[in-house]
Structure formats: structure tokens, C-alpha cells
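To keep things clear, I will list the structure first and then write my remarks on it.
The values are calculated or read from the model by the stated rules, or taken from the named source; none is laboratory data. No experiment lies behind these values; they were computed from the predicted model shown. When we count neighbours, we look across all protein chains shown, and the Cβ atoms used for this are built from the backbone with ideal geometry, even at glycine.
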Amino acid sequence: MHPDAPVGTRLATGLDGRLEAVAALYRDLHAHPELAFAEHRTAALVADRLTAIGLEVTTGVGGTGVVGVLRNGAGPTVLLRADMDGLPIAEDDTVAHRSRDTGVDADGATVPVMHACGHDTHMAALVGALECLAADRAGWSGTVLAVMQPAEEVGGGSRAMLADGFLERFGPFDVALGQHVTSAPAGHLYARDGVFMAAADSLRVTVHGRGGHGSTPHATVDPVVIAAAIVLRLQTIVAREVAPADSVVVTVGSLHAGSKENIIPDRAELKINIRTFDPDVRARVLAAVDRIVRAEAAAAGAPAEPDIEPLTDFPLLVNDVDATERVRAAFESAFGVPSVHEAPRRSGSEDFGCFGDAAGVPSVFWNFGGLDPDVYAADAEHPEAAVTAGRAPGVHSPHFVPTALEPVLRRAVEAVLVAAGCWLRPAP
Ligand code: ZN
Ligand code: ZN
């Protein structure tokens with residue numbers, strides 16, 4: 001058994017009587033999701049809970065962020081992070097506590113909102129873990145820094161908290177720990193050291209042409225043709241410019257121009273999403289996109305340079321090797337080796353790593369299973385197969401909602417406590 005594991009394992013024994021309250025909090029959060037940077041009700045609810053538990057609570061950090069500090073004598077400071085925002089998705093009618101709420105998106109449109117990424121499970125699990133820690137102060141020593149982060153989905157929340165003086169106001173800390181639910185059987189945990197999740201960059205490109213009548217193309221510069229050439233030429237970045245051993249995604253997810261078949265428009269707009277796993281490759285791909293967009297516009301004789309505007313960016317999420325091994329060993333000791341798996345490197349992105357990066361301390365991020373084990377036909381090692389085959393919903397699906405709620409939340413709370421227990425000292 002790992003020498004540090006018993007602290008968290010013992011703390012988790014206090015969970016039994018609290019699990020129903022954790023589930024009730026989860027159902028409340030799930031029924032009332034809010035979009036990025038609009039997590040007002042959510043932040044107030046979790047701030048109330050942290051205050052009731054006995055933490056020193058600060059609200060409004062980086063917009064709607066909430067920070068709670070639980071001081072309990074000498075020892076390391078452990079940052080525990082959960083994210084708070086939902087997504088503009090209409091929830092399927094799977095559970096009684098489904099969301100019927102709406103929000104207003106960045107374009108001012110009223111949209112349905114759902115916790116389709118499971119951030120409600122992250123918040124509920126963190127509150128449950130803090131309740132266990134506060135209830136057993138004799139069982140450990142150190143400081144817990146609980147972070148309820150806004151706006152993970154748009155990649156801005158952790159940086160907004162850092163820009164609001166997070167390190168100066170609440171630091172320093174020794175390690176940053178976070179978790180994310182995934183489409184996998186309840187009870188199972190997935191960890192990976194080194195590069196875990198991709199860097200993501202989103203760009204808006206506006207191509208300028210010269211509009212006119214569809215019958216006189218020679219008197220125009222057609223931005224539709226420029227945009228089409230850009231879309232095709234961008235595919236050569238992955239095919240011809242990136243080494244076969246490097247993984248890169250370049251997706252044009254949005255392409256808009258024109259209004260009518262016989263009008264050549266003035267402009268076209270593309271939205272491009274880029275995923276990379278290496279800073280040098282990222283720089284190279286971004287430079288290639290810039291070069292291709294400008295060159296295609298120049299090749300067509302565009303009257304003005306294209307506008308290339310960054311929309312969002314997520315940093316690479318890198319798990320510290322030693323710290324991750326420590327957590328993985330503690331998980332195996334607490335939950336058994338068959339419940340702990342190597343996570344695949346994911347092309348999804350996450351801004352959790354900003355906290356550890358900014359403080360210069362190790363980050364450890366892991367996934368926990370969020371759905372009924374039956375869905376995965378007992379293949380806990382490769383749950384992605386069930387998602388690819390369409391048997392299980394992935395996160396961001398309108399069907400992604402834990403149905404085996406109690407086992408999901410139990411393991412999520414236990415995982416936080418066991419991981420934190422790798423740093424919190426046993427009580428003297
Ligand atoms: Zn998400
Ligand atoms: Zn998420």
C-alpha cells in the first residue's frame with residue numbers, strides 16, 4: 001500500500017451519511033445549469049455550502065469564481081478545482097431532474113442550457129469531499145484551497161481567476177488537483193502522466209472580396225471561392241506539413257457567406273478550430289493557417305487583407321509525472337488495480353492546467369466514469385469503443401447524464417479525498 005494513501009481512504013469513510021445530500025446538491029445543480037461566466041445561481045449555491053462547511057469563502061473571483069480555504073494546521077496546501085459552467089444544449093428527457101432552463105449566449109440569443117459536460121458532478125463531488133475533510137479535522141493536517149471555476153467551456157475561466165489576483169490572494173499552493181467525468185463505467189478512474197489533453201485554438205477568419213451581380217463575376221472578387229480554396233488548402237497542413245508522428249486537428253466548423261444565388265457577396269467568414277499536443281507544432285500550425293489564409297486571398301486579388309481574429313484558446317494540459325504516479329498508486333491502493341486505468345491522450349481541451357502552470361507546481365488531472373457499467377459491456381479498459389459505436393453518449397451529448405448517480409458521485413468524492421491525501425499530512 002502506498003504510504004500516503006491511508007489519509008484519504010480514512011477520510012472517505014465519512015462519506016456514507018453524506019452521500020444523499022451530495023446527490024441532492026447534484027440534482028439541484030443539474031436542473032439549473034448556467035452558461036460560462038453567467039454561473040450566478042450556481043456560484044451562490046456552492047458558496048453557501050462552502051460557508052456552511054466552515055471554509056473562508058471569497059466570491060466574484062474572475063467574474064463568478066468562488067474560492068474556499070480550509071485551514072487545518074501545518075502541512076502542504078492542496079488546490080482542488082471544480083468547474084461550474086453548462087453548455088447551450090437542450091437536454092434529452094432522460095431523468096426527472098433534467099434541465100428546462102435557458103441562458104443568453106454571447107450573440108444575445110436565448111438558448112437551452114444543460115450540464116452536458118458533467119461539471120455538476122465535479123462541484124457536487126468537491127463539496128462532498130470538503131464536508132468529509134471538515135468533519136474529520138483530527139484526521140489530517142494542512143490547507144485545502146477549493147476552487148469553483150467559471151467558464152471552462154470557453155477556455156477563459158481559470159485565466160480570469162488568475163488575472164483577478166488568484167495567486168497573490170490565495171497562493172501559494174503545492175499541487176493542483178482536478179477531475180472530469182467521462183463516458184466510462186461508474187467506479188472506474190483514468191489517469192495519464194505527461195501530455196493529457198490538447199491545446200486548442202479557435203480563430204475567426206473574415207475574407208474580403210468585392211461583391212456584385214452573380215452574372216458578372218469578372219467585375220467582382222468572389223469571397224466564396226476564396227473561402228472554398230482556404231478550406232481545401234487548410235487540409236494540406238495535416239496531410240503535408242505536420243510530421244506523421246504528430247497528431248493535429250484542423251477543423252473548419254463554420255463557413256458563412258452570401259444571401260442569394262445571384263449575388264456575389266462582399267465577404268465570407270470561416271471559424272477554424274485547431275488541436276495540437278506540442279507547443280512547437282502548435283506554433284507551426286498557427287503560422288501555416290495564417291500563411292494559407294493570406295496567400296489564398298492574395299491569389300484571388302482580394303481588395304483587403306483577411307482579418308484573422310483569435311476567439312478562444314486552451315493551453316496544453318500536462319500532468320506532472322511524479323505527482324500523477326503518486327495519485328495513481330494511491331487510487332490503486334484504495335480502489336484496487338482493476339478500477340484504475342491508463343487514460344488515452346485526448347484531443348479535447350481543458351483550462352485546469354493554468355493554475356499549476358501559473359504557480360509553477362505540479363498538476364494532476366484524472367477522469368472518473370459517469371455512466372451505468374452495463375452500457376460498456378464490461379469493457380472498462382476501453383470505454384471509448386462504446387461511444388464510437390453509439391452505445392454510450394459522450395460528454396457534450398444531450399443524453400450525457402449519470403443514471404447510476406450514487407456510485408458515480410461516491411467514487412468521485414473518494415477520488416478527490418484519496419488524491420488530496422497524497423499531500424495532506426496524517427494528523428500527528
Ligand atoms: Zn465540456
Ligand atoms: Zn468539461
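Points to keep in mind about this one:
- Hits in region 147-171 (condition: under 21 Å from ASN72 (Cα atoms), over 17 Å from the mean Cα position of the chain (by Cα) and modelled with pLDDT of 95 or more): PHE166, LEU167, GLU168, ARG169, PHE170
Let's see how each residue does on (1) closer than 30 Å to VAL337 by Cα; (2) without any contact (Cβ under 8 Å) to a residue 40 or more places away in the chain; (3) in a helix (DSSP H, G or I):
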residue	(1), (2), (3)
TYR190	yes, no, no
PHE196	yes, no, no
THR206	no, no, no
SER215	no, no, no
HIS218	no, yes, yes
VAL225	no, no, yes
ALA228	no, yes, yes
GLN235	no, yes, yes
ARG240	no, yes, yes
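- Residues of region 55-104 that are over 25 Å from ALA163 (Cβ atoms) and out of contact with any Gly (no Cβ under 9 Å at 6 or more places or on another chain): ILE89, ALA90, GLU91, ASP92, ASP93, THR94, VAL95, ALA96, HIS97, ARG98, ARG100, THR102.
- For region 372-428, the set of residues classified as among the β-branched types (Val, Ile, Thr) and either assigned to a loop (DSSP other than H, G, I, E, B) or within 16 Å of ligand 1 (Cβ to nearest atom) (or both) consists of VAL387, VAL395, VAL401, THR403, listed by residue number.
- When residues of region 91-111 are limited to those that are within 16 Å of ligand 1 (Cβ to nearest atom), at pLDDT 95 or above and not hydroxyl-bearing (Ser, Thr, Tyr), the one nearest to PRO33 (Cα to Cα): GLY103
- When ARG169 is tested against the conditions (1) over 21 Å from LEU424 (Cβ atoms); (2) in a loop (DSSP other than H, G, I, E, B); (3) in contact with a strand residue (DSSP E or B) (Cβ under 9 Å, 6 or more places away or on another chain); (4) more than 16 Å from ligand 1 (Cβ to nearest atom), the lone failure is (2).
- The set of residues from region 342-355 being surrounded by fewer than 22 Cβ atoms within 10 Å (Cβ to Cβ) and not in a loop (DSSP other than H, G, I, E, B) comprises GLU342, ARG346.
- Residue in region 316-325 that is within 16 Å of ligand 1 (Cβ to nearest atom), surrounded by fewer than 22 Cβ atoms within 10 Å (Cβ to Cβ) and under 15 Å from the mean Cα position of the chain (by Cα) present: no
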